[in-house]
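What follows is one structure encoded as structure tokens, with my remarks underneath.
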Amino acid sequence: MDRIKKKVGTINYKKGQWFLLGCFCYIISHEITHLIFMKLFSREKINISIKFPTISVGSGAKFNKMQFTIIALAPVVILGCILVLLIIFTKRNYTFLWTILLILNFAGSGGDYMQFFKIREYPSNTYFQDNSDETVIYQEQ
């Protein structure tokens, strides 16, 4: 007796590998964006901290309020714009990947948002130092 088989879905391992690689590359790109802006505002040595599964960058430099705001929010803004452009201008079969990475971009920047909202409470004569483990706050007297 012939059985009729109904195809209910397929698992595409190649697409899964691209998805994981995309997530990994996004995380690296996010931290590199922080690093680039830290280097633009300071010539201090940059610390890269890898504590699986997290990666973070820091510096011994003290940044003013505007600089620290830019450093904190640059990845979500820049990578968000790039991902939106990729969603619009690349083939439709990549839309799912770019959309997931865009969601990861906004969700994964939670710590950056927290820093931004906390530093807004301080006056303009405040300086911030993020050594990748903690953020130290200095105020001019």
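Values as computed for the structure displayed
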{"read-out": "The stretch 14-29: number of residues that are surrounded by 15 or more Cβ atoms within 10 Å (Cβ to Cβ) and more than 19 Å from Ile50 (Cα to Cα)", "value": "1"}
{"read-out": "Candidates Ile48, Ile78, Ile27 - the one that is β-branched (Val, Ile, Thr), closer than 30 Å to Glu121 by Cα and modelled with pLDDT of 95 or more", "value": "Ile78"}
{"read-out": "Search result, residues across the stretch 56-77 that are farther than 23 Å from Ile28 by Cβ and not aliphatic (A, V, I, L, M)", "value": "Lys62, Asn64, Lys65"}
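The values are calculated or read from the model by the stated rules, or taken from the named source; none is laboratory data. Treat the numbers as computed from the prediction; the structure is a model and nothing was measured. Here Cβ is always computed from backbone atoms with ideal geometry, including for glycine, and neighbour counts include all displayed protein chains.
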